[in-house]
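Following: one structure in structure tokens, then a few remarks.
The values are calculated or read from the model by the stated rules, or taken from the named source; none is laboratory data. As the structure is a prediction and not an experimental result, all values here were calculated from the model. Note that each Cβ is placed from the backbone with ideal geometry, even for glycine, and that neighbours are counted across all protein chains shown. Please note that ligands, DNA and RNA were not included when accessible areas were found on the heavy atoms of the full protein model with its side chains. Shrake-Rupley method; radii C 1.70, N 1.55, O 1.52, S 1.80 Å.
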Amino acid sequence: KISYTYPENDLLAINKISCSIKKSSTVAFVGSVGSGKSTILKLLTGILVPSSGDLFFDKISSRNVNWSVFRKEIAYVSQDVFLFSDSIRNNILFGHKDILDRDLFFIIDQLCLKSEIASFSNGLDTYVGEGGITLSGGQKQRVAIARALITKPKILILDDALSSVDSETELKILNFINKYLSKTTIIISSNRLSVLSICDNIFVLKSGCLIQEGSAKQLIRTDGVFKKLFFNQIRLT
């Protein structure tokens, strides 16, 4: 069981969580603000180190993992995207010059970016300022996701990475990612519970604790936090 306390304010963000994620599966961590979703995703990437307990990857302790090598197999996209002062093309390729244009165009199309990029005078070679200042929030997020997909990582982590697009587009993109990266372990968090039908398993967090686990269908049929959050969202749409 792992726990994590932020040292700057002694906040216990993850409290004795134990769960298993199958290789090549798609799972989600959900919960209200402050439930610990982003913290646990950062623990999985090695950005944070558990205060107690340990993570295991294929039965290998995270303390014995060569993170400088292992991180090359992980693609992590957060809600707050950072883009470089460069062209859209170079932001996506990020040094991977061997990627064929047809593969790049295919991903852009599937991420619903094709027509938007085509509307720019220089297309893929349009220059964006630091942080992607010339792009909308949704465009920045999808450029960052394209960068994550282009190398077909073994583990893909999306931390509310489609929050700036509408729910229909988010579901379309997640369905594409699920099929395109069929051999990749995909771990997501999303505040839109309606898009989680693609997930094999969902972990529900509350105040840093794991309180529910199951598929979307199972959790909707079970009285608990997930069902309450799900139907509250439906009423608000």
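A few remarks follow.
- Charge dipole (Cα centre; +1 on Lys/Arg Cβ, -1 on Asp/Glu Cβ; no other charges) of the chain amounts to roughly 800 debye.
- Rounded to 5, percent antiparallel among DSSP beta bridges of the chain: 45
- Sparse packing (at most 13 other Cβ atoms within 10 Å of the Cβ) combined with a DSSP loop state is found for none of the trypsin sites (Lys or Arg not before Pro) in region 139-171.
- Note that region 52-58 has calculated 3J(HN,Hα) couplings of 8, x, 8, 9, 10, 10, 6 Hz, one per residue in order, obtained from phi through the Karplus relation 6.51 cos²θ - 1.76 cosθ + 1.60 (θ = phi - 60°); glycine and proline are x.
- Per DSSP, loop GluC sites (Glu not before Pro) in region 130-205 with at most 16 further Cβ within 10 Å: Glu130
- Value of relative contact order over the chain, rounded to a whole percent, pairs C-alpha under 8 Å and six or more apart: 29
- Carbon and sulfur %, accessible surface of the chain computed with the full protein complex present, 1.4 Å: 51
- In this structure, the pairs whose alpha-carbon distance is over 24 Å, taken from Lys22/Lys228; Lys16/Lys172; Lys72/Lys140; Lys152/Lys172, are Lys22/Lys228; Lys16/Lys172.
- Under 15 Å from a label point set 7 Å out along the Cα-to-Cβ vector of Leu12, the amide N atoms of region 27-59 belong to 35-36, 51-53.
- Taking one quarter of the surface of the convex hull spanned by the alpha-carbon atoms of region 163-218 gives a direction-averaged projected area of 4.4 nm².
- Calculated [θ] (222 nm, deg cm²/dmol) that DSSP helices of n ≥ 4 give over the chain, each run adding -39,500 (n - 2.57): -9000 deg cm²/dmol
- By the rule of a C-alpha distance below 12 Å, with chain neighbours fewer than 8 residues away ignored, the aspartates and glutamates paired with Lys37 are Asp159, Asp160.
- Label separation (Lys227 vs Val33): 2.7 nm, computed from points 7 Å beyond Cα along the C-beta direction.
- Note on surface exposure: Asp10, Asp101, Asp86, Asp160 rank Asp10, Asp101, Asp86, Asp160 by accessible area, highest first, 1.4 Å probe.
- Mean separation of Cα contacts under 8 Å (6+ apart) over length of region 171-237, as relative contact order %: 23
- Fraction of alpha-carbon pairs over 20 Å apart in region 1-159 - percent: 57
- Region 1-85: chymotrypsin sites (Phe, Trp or Tyr not before Pro) falling in loop per DSSP and having at most 14 other Cβ within 10 Å: Phe82, Phe84
- Residue-wise HN-Hα coupling along region 90-104, computed from phi with Karplus coefficients 6.51, -1.76, 1.60 (Hz; x: Gly, Pro): 5, 5, 6, 5, 6, x, 8, 6, 7, 6, 6, 4, 4, 6, 5
- Radius, Kirkwood style, for region 74-166 when every pair of distinct Cα atoms is counted (Å): 13.1
- Taking 15 Å as the straight-line reach from the Cα of Lys97, the aspartates and glutamates in range (excluding those fewer than 8 positions away in the same chain) are Asp86, Asp125.
- Based on protein heavy atoms only, region 1-130 ends up with 58 Å² per residue of surface accessible to a 1.4 Å probe.
- Cα pair distances in region 1-91, grouped into 5 Å bins until the bin that holds the longest one, percent each: 3, 10, 20, 23, 19, 12, 7, 4, 1
- Cα gyration tensor shape of region 117-197, rounded if a/c is under 1.5, else prolate or oblate by comparing a/b with b/c: prolate
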